[in-house]
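Novice: Before I ask anything, let me first share the structure, which is written out below as structure tokens.
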Amino acid sequence: PSTIISYALPKDGSVKLVIYNIMGEVVRVLADDEMSAGYYSVQWDGRNNSGSLLPSGVYLYSINSGEFSATKKLTLMK
């Protein structure tokens, strides 16, 4: 199981993209870096930061860059 999260940066800046479980615990950090303006895609393979496969369920992802912040829901199904 995997999914692709796409996003666009209108200007250069710091980007942090994090996956959380439904209890709000960080399970995977997909991006935490300075990036140039442009379009990006990150693939999440359903694994946590330790490399273990996570169970099916609802997860949240949060993206923060400068003044922009968004949190969305995703469902992991195996």
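The values are calculated or read from the model by the stated rules, or taken from the named source; none is laboratory data. Only a predicted model underlies this, so the values are computations on that prediction, with no experimental measurement involved. All accessible areas refer to the heavy atoms of the entire protein, side chains included, with ligands and DNA or RNA removed. Shrake-Rupley method; radii C 1.70, N 1.55, O 1.52, S 1.80 Å.
Novice: Going from most exposed to least, what order do GLU34, GLU25 have by accessible area with a 1.4 Å probe? Let's see the in-between values first.
Specialist: Details: GLU34 130, GLU25 95 Å².
So, going from the largest accessible area down, we get GLU34, GLU25.
Novice: How large is the accessible surface of ASP33 in square angstrom, using a 1.4 angstrom probe and rounding to the nearest 10?
Specialist: Approximately 90 Å² for this residue.
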